[in-house]
Amino acid sequence: MRKIVASIFFVFSAACASAAQPDSDAIDKANKSAQSWLALVDTKQYAATWEQAAPPFKAAITKSDWENAVAAARSPVGELEQRVLISASYTEELPSAPRGQYVVIQYKSKFSKKHTAVETITPMKGPDGTWRVSGYFIK
(Lines give C-alpha, C1' and ligand atoms only; values in the text may rest on other atoms or scores of the structure.)
Protein backbone atom coordinates (compact mmCIF):
# COMPACT_ATOMS: atom_id res chain seq x y z
CA MET A 1 0.00 0.00 0.00
CA ARG A 2 2.82 2.42 0.85
CA LYS A 3 4.47 1.73 -2.50
CA ILE A 4 1.22 2.51 -4.32
CA VAL A 5 0.72 5.74 -2.39
CA ALA A 6 4.36 6.70 -2.95
CA SER A 7 4.05 5.89 -6.66
CA ILE A 8 0.85 7.91 -7.01
CA PHE A 9 2.45 10.82 -5.15
CA PHE A 10 5.52 10.65 -7.40
CA VAL A 11 3.41 10.55 -10.59
CA PHE A 12 1.22 13.39 -9.30
CA SER A 13 4.28 15.46 -8.33
CA ALA A 14 5.91 14.86 -11.69
CA ALA A 15 2.70 15.81 -13.50
CA CYS A 16 2.41 19.00 -11.47
CA ALA A 17 6.05 19.88 -12.10
CA SER A 18 5.73 19.34 -15.83
CA ALA A 19 2.47 21.30 -15.93
CA ALA A 20 4.03 24.19 -14.01
CA GLN A 21 7.15 24.28 -16.17
CA PRO A 22 5.49 25.76 -19.28
CA ASP A 23 3.96 28.49 -17.12
CA SER A 24 7.35 29.27 -15.59
CA ASP A 25 9.02 29.35 -19.01
CA ALA A 26 6.19 31.46 -20.39
CA ILE A 27 6.48 33.92 -17.52
CA ASP A 28 10.25 34.23 -17.98
CA LYS A 29 10.00 34.80 -21.73
CA ALA A 30 7.06 37.18 -21.42
CA ASN A 31 8.83 39.17 -18.71
CA LYS A 32 11.94 39.55 -20.88
CA SER A 33 9.75 40.72 -23.75
CA ALA A 34 7.94 43.17 -21.47
CA GLN A 35 11.20 44.60 -20.15
CA SER A 36 12.55 45.15 -23.66
CA TRP A 37 9.30 46.79 -24.71
CA LEU A 38 9.22 48.99 -21.61
CA ALA A 39 12.79 50.10 -22.32
CA LEU A 40 11.47 51.52 -25.60
CA VAL A 41 8.65 53.28 -23.76
CA ASP A 42 11.13 54.66 -21.22
CA THR A 43 13.23 56.15 -24.03
CA LYS A 44 10.14 57.57 -25.76
CA GLN A 45 10.43 55.28 -28.78
CA TYR A 46 6.65 55.04 -28.94
CA ALA A 47 6.40 54.18 -32.65
CA ALA A 48 8.75 51.24 -32.07
CA THR A 49 6.56 49.97 -29.23
CA TRP A 50 3.57 49.91 -31.57
CA GLU A 51 5.62 48.13 -34.25
CA GLN A 52 6.65 45.44 -31.75
CA ALA A 53 3.19 45.01 -30.23
CA ALA A 54 0.88 42.02 -30.69
CA PRO A 55 -1.57 42.03 -33.62
CA PRO A 56 -4.66 42.59 -31.42
CA PHE A 57 -2.95 45.65 -29.93
CA LYS A 58 -2.24 47.05 -33.40
CA ALA A 59 -5.78 46.29 -34.52
CA ALA A 60 -7.21 48.20 -31.56
CA ILE A 61 -5.27 51.46 -32.05
CA THR A 62 -3.44 53.18 -34.87
CA LYS A 63 0.25 53.92 -34.51
CA SER A 64 -0.43 57.65 -34.41
CA ASP A 65 -3.16 57.32 -31.78
CA TRP A 66 -0.93 55.03 -29.71
CA GLU A 67 1.97 57.49 -29.84
CA ASN A 68 -0.34 60.26 -28.63
CA ALA A 69 -1.93 58.10 -25.93
CA VAL A 70 1.30 56.76 -24.45
CA ALA A 71 2.93 60.20 -24.55
CA ALA A 72 -0.10 61.62 -22.72
CA ALA A 73 0.09 58.85 -20.11
CA ARG A 74 3.83 58.94 -19.53
CA SER A 75 4.60 62.66 -19.82
CA PRO A 76 2.90 63.66 -16.54
CA VAL A 77 4.78 61.02 -14.51
CA GLY A 78 8.25 62.03 -15.69
CA GLU A 79 11.31 59.87 -16.14
CA LEU A 80 11.52 56.34 -14.79
CA GLU A 81 13.62 56.06 -11.64
CA GLN A 82 12.84 52.51 -10.53
CA ARG A 83 10.75 49.53 -11.62
CA VAL A 84 10.28 46.44 -9.44
CA LEU A 85 8.35 43.33 -10.40
CA ILE A 86 5.27 42.83 -8.21
CA SER A 87 3.64 39.87 -9.93
CA ALA A 88 3.46 37.86 -13.12
CA SER A 89 0.75 35.31 -13.82
CA TYR A 90 0.07 33.08 -16.78
CA THR A 91 -3.45 32.79 -18.19
CA GLU A 92 -5.16 31.68 -21.37
CA GLU A 93 -8.22 33.88 -20.97
CA LEU A 94 -8.61 37.61 -20.47
CA PRO A 95 -11.76 39.72 -20.60
CA SER A 96 -12.46 41.15 -24.07
CA ALA A 97 -9.42 39.41 -25.55
CA PRO A 98 -9.10 36.44 -27.88
CA ARG A 99 -8.22 33.14 -26.26
CA GLY A 100 -4.46 32.69 -26.18
CA GLN A 101 -1.40 32.54 -23.96
CA TYR A 102 -0.92 35.65 -21.85
CA VAL A 103 1.19 36.75 -18.93
CA VAL A 104 -0.16 39.62 -16.86
CA ILE A 105 2.78 41.43 -15.30
CA GLN A 106 2.69 44.21 -12.74
CA TYR A 107 5.55 46.45 -11.72
CA LYS A 108 5.74 48.94 -8.88
CA SER A 109 7.34 51.92 -10.54
CA LYS A 110 8.77 55.20 -9.35
CA PHE A 111 8.94 58.17 -11.69
CA SER A 112 10.44 61.61 -11.24
CA LYS A 113 6.99 63.23 -10.97
CA LYS A 114 5.01 60.29 -9.55
CA HIS A 115 6.66 58.34 -6.80
CA THR A 116 4.21 55.45 -6.66
CA ALA A 117 2.72 53.91 -9.77
CA VAL A 118 1.71 50.46 -10.93
CA GLU A 119 2.42 49.50 -14.50
CA THR A 120 0.50 46.54 -15.89
CA ILE A 121 1.78 45.03 -19.10
CA THR A 122 0.35 41.97 -20.81
CA PRO A 123 2.46 40.11 -23.35
CA MET A 124 0.80 37.41 -25.43
CA LYS A 125 2.41 34.53 -27.27
CA GLY A 126 1.97 34.73 -31.02
CA PRO A 127 1.66 31.83 -33.47
CA ASP A 128 5.38 32.15 -34.20
CA GLY A 129 6.21 31.64 -30.50
CA THR A 130 7.21 35.27 -29.96
CA TRP A 131 5.88 37.12 -26.92
CA ARG A 132 4.53 40.56 -27.85
CA VAL A 133 2.80 43.17 -25.73
CA SER A 134 -0.98 43.22 -26.07
CA GLY A 135 -1.75 45.73 -23.33
CA TYR A 136 -0.14 48.41 -21.20
CA PHE A 137 -1.65 50.47 -18.38
CA ILE A 138 -0.19 52.81 -15.81
CA LYS A 139 -1.92 53.93 -12.61
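The values are calculated or read from the model by the stated rules, or taken from the named source; none is laboratory data. Here the structure is a predicted model, which is why all the values come from computation and not from measurement. Cβ placement follows ideal geometry from the backbone for every residue including glycine, while neighbour counts extend to all protein chains displayed.
Which of the following residues is of a type in the set (Gly, Ala, Ser) and either more than 20 Å from Gly135 (Cβ to Cβ) or modelled with pLDDT of 95 or more (or both): Ala20, Ala26?
Numbers: Ala26 fails: either more than 20 Å from Gly135 (Cβ to Cβ) or modelled with pLDDT of 95 or more (or both).
The conditions single out Ala20.
Which ones in region 108-133 are farther than 14 Å from Val41 by Cα, touching a strand residue (DSSP E or B) at 6+ places or on another chain (Cβ under 8 Å) and not basic (Lys, Arg)?
Listed by number, the residues that qualify are Ser112, Thr116, Ala117, Val118, Thr122, Pro123, Met124, Gly126, Trp131.
Return the residues of region 89-121 that are buried (at least 16 other Cβ atoms within 10 Å of the Cβ), modelled with pLDDT under 95 and more than 15 Å from the chain's Cα centre (by Cα); say none if nothing qualifies.
Within region 89-121, none qualify.
If you check every pair at least six apart or on different chains, which have Cβ atoms under 8 Å apart with a residue in region 50-67 that is within 18 Å of Lys125 (Cβ to Cβ) first and a residue that is assigned to a loop (DSSP other than H, G, I, E, B) second?
From region 50-67, the pairs are Ala54/Gly126; Pro55/Gly126; Pro56/Ala97; Pro56/Pro98.
What's the total number of residues in region 75-92 that are part of a helix (DSSP H, G or I) and among the aliphatic types (A, V, I, L, M)?
1
Touching a residue at least 24 places away in the same chain (Cβ under 8 Å), in contact with a strand residue (DSSP E or B) (Cβ under 9 Å, 6 or more places away or on another chain), within 17 Å of Phe137 (Cα to Cα) and loosely packed, with under 14 Cβ neighbours inside 10 Å: which single residue out of Val70, Val84 fits that description?
From the options Val70, Val84, the qualifying one is Val84.
Quick one: Phe137 ticks every box in (1) part of a strand (DSSP E or B); (2) hydrophobic (A, V, I, L, M, F, W, C); (3) surrounded by 12 or more Cβ atoms within 10 Å (Cβ to Cβ) except a single one, so which number is it?
Phe137 satisfies all of (1) part of a strand (DSSP E or B); (2) hydrophobic (A, V, I, L, M, F, W, C); (3) surrounded by 12 or more Cβ atoms within 10 Å (Cβ to Cβ) except (3).
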